[in-house]
Amino acid sequence: MLNLFFPAFCRGCLKELIEGEKDICSICRHNLPLASFHKNGGTEMVDIFYGRIPVVHATALFYFKKNNLTQKFVHALKYKKAKNIGVIFGDWLGEELSACKEYHDVDAIIPVPLHKKKLRQRGYNQVEGFGKKIANALQKPYIDDVLLKITPTTSQVFKERISRIFSNDEVFAVQQASKIENKHLLLVDDIITTGATLEACSKKLLQIKGVKLSFATIAITK
Ligand SMILES: [Zn+2]
C-alpha cells in the first residue's frame, strides 16, 4: 500500500523496485563492480600499506570510480540517509567473510569513527550498519567506544601538522584500551583511497599491546 504513495526506487539506477527488492534492484546488484580480494587472494589493498603499517588481511567489496554504480550507492548511504545500503553490503560481505578461513581469527570489528559534531549533523555513522552486520556474521563483538575521532589540541596541531597534511586533518584517539588488548581487529570503513584514514587509525590502535589489524571496506578507489 505504502508503495502507491511513496514508490520505492533503486538507489543506483533510480528505477522503481519490484516486490522483494529494497534499495538495490537485482540488475544493479548484478552490475556492481566486484573487488572481493578475500575471494581471489588479491593483495591490492594490503599492498597500499606496504612499508607503512603491518596489515594481516584487507578486502573491499566493490571498486569505486567517479560516477560508477558504487559511487551512487555510497553517496546515498552517506548523504541521503539510506542507512539500509550499509546493512545490505554488510550482510553481503559478512556472509562471504564467514566463509573465509583467513578471517576466522578476527576477534572484534571496529568502525572508523566520526567526530561527534559530524555524527550529530549526519545522525549516524555511515559505516555502522556495514560493520554491525559483519560482526553478526563473524559472531564477534562490534566495538565503537574505543577508537574516537577528536578535535586536536593546540600541541597536537603543532606536533601533527606535517602528518596531518597527508591525513585529511584527522586525529584519532583510543580510550578503554584494555578492551582490545591482544586482539585481532577488523577495522571497517566506507571507502579506501590513499589509505590515509585507515593508517591514522591503525597507528593509534597498534600502540595497544598485542593488537593485530585487518581491514574491510565497502569500496576501494580504482
Ligand atoms: Zn538499480
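The values are calculated or read from the model by the stated rules, or taken from the named source; none is laboratory data. What you see is a predicted model, and the numbers here were worked out from it, not measured in a lab. Please note: Cβ atoms are built from the backbone with ideal geometry, for glycine as well, and neighbour counts cover all protein chains shown.
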Cβ pairs under 9 Å, 6+ apart or interchain, first in region 183-194 and of a type in the set (D, E, K, R), second surrounded by 19 or more Cβ atoms within 10 Å (Cβ to Cβ) and in a strand (DSSP E or B), ordered by first then second residue, are 189/111; 189/215; 189/216; 189/217; 189/218; 190/217; 190/218; 190/219
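Conditions (1) among the hydrophobic types (A, V, I, L, M, F, W, C); (2) farther than 29 Å from residue 200 by Cα, marked per residue:
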position: 8; (1), (2): yes, yes
position: 14; (1), (2): yes, yes
position: 27; (1), (2): yes, yes
position: 38; (1), (2): no, no
position: 53; (1), (2): yes, no
position: 74; (1), (2): yes, no
I'd like to check which helices (runs of 4 or more DSSP H) are fully inside region 14-70 and have at least 3 residues that are within 12 Å of the ligand (Cβ to nearest atom).
26-31
Touching a helix residue (DSSP H, G or I) at 6+ places or on another chain (Cβ under 8 Å), among the aliphatic types (A, V, I, L, M) and assigned to a loop (DSSP other than H, G, I, E, B): does that describe residue 106?
yes
Here are some conditions: (1) in contact (Cβ under 8 Å) with a residue 12 or more places away in the chain; (2) closer than 22 Å to residue 172 by Cβ. Residue 51 meets all but one. Which one does it not meet?
(1)
Check 63, 103 and return the single one that is farther than 22 Å from residue 136 by Cα and hydroxyl-bearing (Ser, Thr, Tyr).
63
Of a type outside the set (Asp, Glu) and away from the ligand (no atom under 16 Å from the Cβ): is that true of residue 80 in this structure?
no
Any chance residue 178 is outside any strand (DSSP E or B) and modelled with pLDDT under 95:
no
Against the condition under 25 Å from residue 150 (Cβ atoms) and either of a type in the set (Ser, Thr, Tyr) or buried (at least 20 other Cβ atoms within 10 Å of the Cβ) (or both), how does residue 54 come out, does it pass?
no
Would you please list the contacts, defined by Cβ atoms under 7 Å and residues six or more apart or on different chains, that run from a residue in region 83-96 that is under 14 Å from residue 32 (Cα atoms) to a residue that is part of a helix (DSSP H, G or I) and of a type in the set (Gly, Ala, Ser)?
85/76
Among (1) part of a helix (DSSP H, G or I); (2) away from the ligand (no atom under 16 Å from the Cβ); (3) among the hydrophobic types (A, V, I, L, M, F, W, C), which single condition is residue 89 missing?
(2)
